[in-house]
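A.B. asks: Here it is: the structure, laid out below.
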Amino acid sequence: MTNESLLAKKQREMGFLHHFHHLGYDLIDLGVVEKFEWTQLSHDDLHLMLNRHKWQSGDNLFALRSDWTNAIVRYRKQYHLRADKIAYSGPVYSLLKERHQLGVETFTDSIPKQIEVLGDMITFMEKELDLSLSVAVVSHNKLLKKILSPRELEDPSVRKFICERNQDALKHRLGADHPLIGLMDQAPTEQAGYLKEHYPELTGHLNELAEWEATLKSKNVDYVYADMLALPNQSYYKGIFIQLYGENQTEPVASGGQYTSSSKAFGMAINN
């Protein structure tokens, strides 16, 4: 990394923190090494451990931070942090790579307030990073949870075939008459209607999905795609999850979604 690129990276980080400080967000910084107790590991902790650098010392388990949201939720519970909106910046480490994240979290079940935080992040990306958002993909984790059994949903091969949209492999794995195959047979524009017809109990979730889709369209994202077959990239997402793409980019520049802390919450992070 050259001097110029290092300075640009640090200036972008400071610019992000100053921007959200002036918007009334509380800033937070946490240590990169996290300490766990075996008896208090949550389901999400255990899921994330599969992809973390970790080691044991005595009765304690230590790991490099692999996800900011999970770390903030545990910190918030431990120290009874009452901040409604938080902004952060720092590295996360997985077994495969290091990333630097600029992110925001809001701890509220108010959809308008969550949407406001999403808008704050998109505005920063467009105006401060000069980033034109080309595509937004939005989905809801309750959809596939209704169509698939817990065992099917946890099956690595099923998840792989869904991500690949490999209908033939899914027919072989699940059966040609499985409801997922019926959904995949529909054109993308018809899938929401198909789910409402066959699973009327999902109507509320689908209406919520449509609300977020409309919000993203109002933020001047070129193309907004409601994906009924998307799998969240984090196990703790409990509702809407979103991926944002820049022009001609195949990897999301930012992602986030709804989850549950001590109350409902929403977070979004930019990956550098």
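The values are calculated or read from the model by the stated rules, or taken from the named source; none is laboratory data. Since this is a predicted model, take the numbers as computed values, not measurements. Counting neighbours? That spans all protein chains shown, and the Cβs are built from the backbone with ideal geometry, glycine included. Remember, those area values only see protein heavy atoms, side chains included, never the ligands or the DNA or RNA. Shrake-Rupley method; radii C 1.70, N 1.55, O 1.52, S 1.80 Å.
A.B. asks: Limited to the stretch 128-155, what total is found for residues that are under 19 Å from LEU209 (Cβ atoms) and not in a helix (DSSP H, G or I)?
C.D. replies: 8
A.B. asks: Please name all residue pairs, on different chains or six or more residues apart, with Cβ atoms under 9 Å, provided the first residue is in the stretch 120-136 and is under 15 Å from VAL104 (Cβ atoms) and open to solvent by less than 60 Å² (accessible area, probe 1.4 Å) and the second residue is assigned to a loop (DSSP other than H, G, I, E, B) and among the β-branched types (Val, Ile, Thr).
C.D. replies: ILE122/VAL221; MET125/VAL253; LEU129/VAL253
A.B. asks: Among the numbered criteria (1) closer than 24 Å to MET268 by Cα; (2) touching a residue at least 12 places away in the same chain (Cβ under 8 Å), which single criterion is violated by LYS97?
C.D. replies: Condition not satisfied by LYS97: (2).
A.B. asks: Related question: Restricting to the stretch 159-185, name every residue that is farther than 15 Å from SER149 by Cβ, more than 26 Å from the chain's Cα centre (by Cα) and surrounded by fewer than 16 Cβ atoms within 10 Å (Cβ to Cβ).
C.D. replies: Passing the criteria: ASP168, ALA169, HIS172, ALA176, GLY182, ASP185.
A.B. asks: Out of (1) without any contact (Cβ under 8 Å) to a residue 60 or more places away in the chain; (2) under 30 Å from GLN11 (Cβ atoms); (3) crowded, with 18+ Cβ neighbours inside 10 Å, the odd one out for LEU148 is which?
C.D. replies: (2)
A.B. asks: Output the residue which, of all residues in the stretch 1-27 that are in contact (Cβ under 8 Å) with a residue 12 or more places away in the chain and farther than 18 Å from ASN271 by Cβ, is surrounded by the fewest Cβ atoms within 10 Å (Cβ to Cβ).
C.D. replies: So, considering only residues that are in contact (Cβ under 8 Å) with a residue 12 or more places away in the chain and farther than 18 Å from ASN271 by Cβ, the one surrounded by the fewest Cβ atoms within 10 Å (Cβ to Cβ) is GLY24.
A.B. asks: Quick one: how many residues across the stretch 18-55 are assigned to a helix (DSSP H, G or I) and over 17 Å from VAL92 (Cβ atoms)?
C.D. replies: Of the residues in that region, 10 qualify.
A.B. asks: Among the listed residues ARG52, ARG82, ARG65, ARG76, identify the single one that is surrounded by 10 or more Cβ atoms within 10 Å (Cβ to Cβ), among the charged types (D, E, K, R) and without any contact (Cβ under 8 Å) to a residue 40 or more places away in the chain.
C.D. replies: Just a single option satisfies the conditions, and that option is ARG65.
A.B. asks: Could you identify the single residue in GLN249, GLN234, GLN186 that is touching a residue at least 12 places away in the same chain (Cβ under 8 Å), over 30 Å from ASP45 (Cβ atoms) and out of contact with any strand residue (DSSP E or B) (no Cβ under 6 Å at 6 or more places or on another chain)?
C.D. replies: Testing whether each residue is touching a residue at least 12 places away in the same chain (Cβ under 8 Å), over 30 Å from ASP45 (Cβ atoms) and out of contact with any strand residue (DSSP E or B) (no Cβ under 6 Å at 6 or more places or on another chain) leaves just GLN249.
A.B. asks: Do you know which residues across the stretch 99-128 are of a type in the set (D, E, K, R) and within 16 Å of LYS10 (Cα to Cα)?
C.D. replies: Matches in the stretch 99-128: ARG99, GLU128.
A.B. asks: Being among the hydroxyl-bearing types (Ser, Thr, Tyr), closer than 18 Å to PHE266 by Cα and open to solvent by less than 20 Å² (accessible area, probe 1.4 Å) is true for just one of SER110, SER139. Which residue is that?
C.D. replies: SER139
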